[in-house]
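Peer 1: My structure is below; once you've seen it, I'll send some questions.
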Amino acid sequence: DAAVIMEGIRENFSRIQQLSDDGYFTVTLSCGIAGFPQYVNAEELNSAADAALYEAKATGRNRVVMADPDKSGK
C-alpha cells in the first residue's frame, strides 16, 4: 500500500511548477520504502529504507523502490 501511495505522491509532485528568479521548473522525487515485519525494529526499517532510496537514485531517480530483504541478507 505504501508504494502505491508514494507513487501517486511522486507523480503529482513532479507536476508542480516551481518558480525561481529564472522562471518555472519541476522537481522529481525518489523514495525508499521498508516494511514490517520484514524489518523488525526502527534501526532495520531505517537502514533498509535508506538503502532502497540509494537504489532508486542509482537506477535512474524519480522512482519508488521497496526494500528487498533478500538483497539485504534478511
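The values are calculated or read from the model by the stated rules, or taken from the named source; none is laboratory data. The model shown is predicted, which means the values in this text are computed figures rather than measured ones. Neighbour counts are summed over all protein chains in view; Cβ atoms, including those assigned to glycine, are modelled from backbone coordinates with ideal geometry. SASA here: full protein model, heavy atoms, side chains in, ligands and nucleic acids out. Shrake-Rupley method; radii C 1.70, N 1.55, O 1.52, S 1.80 Å.
Peer 1: Do any residues in region 36-60 that are of a type in the set (Lys, Arg) have Cβ atoms under 9 Å from those of residues that are assigned to a loop (DSSP other than H, G, I, E, B) and surrounded by 15 or more Cβ atoms within 10 Å (Cβ to Cβ), where the two are at least six apart or on different chains, and which pairs are they?
Peer 2: From region 36-60, the pairs are Lys57/Ser30; Lys57/Arg63.
Peer 1: Those residues that are open to solvent by 40 Å² or more (accessible area, probe 1.4 Å), closer than 18 Å to Met6 by Cβ and not β-branched (Val, Ile, Thr), I need them from region 22-52; list them, please.
Peer 2: Of everything in region 22-52, those that are open to solvent by 40 Å² or more (accessible area, probe 1.4 Å), closer than 18 Å to Met6 by Cβ and not β-branched (Val, Ile, Thr) turn out to be Leu29, Phe36, Gln38, Leu45, Asn46, Asp50, Ala51.
Peer 1: When only residues in region 1-15 that are in contact with a strand residue (DSSP E or B) (Cβ under 9 Å, 6 or more places away or on another chain) and in contact (Cβ under 8 Å) with a residue 24 or more places away in the chain count, which is surrounded by the most Cβ atoms within 10 Å (Cβ to Cβ)?
Peer 2: Met6
Peer 1: When region 63-74 is examined, which residues are found to be farther than 14 Å from Ala3 by Cβ and open to solvent by less than 50 Å² (accessible area, probe 1.4 Å)?
Peer 2: Pro69
Peer 1: Additional query: Strands (runs of 3 or more DSSP E) wholly in the chain with at least 2 residues that are at pLDDT 95 or above and touching a helix residue (DSSP H, G or I) at 6+ places or on another chain (Cβ under 8 Å) - which ones? I'd like the intermediate steps shown before the answer.
Peer 2: Values: elements: 18-20, 23-25, 31-33, 64-66.
Result: 31-33, 64-66.
Peer 1: List the number of the failed condition for Gln18; all other conditions in (1) over 15 Å from Arg61 (Cα atoms); (2) open to solvent by 60 Å² or more (accessible area, probe 1.4 Å) hold.
Peer 2: Here Gln18 meets the rest and fails (2).
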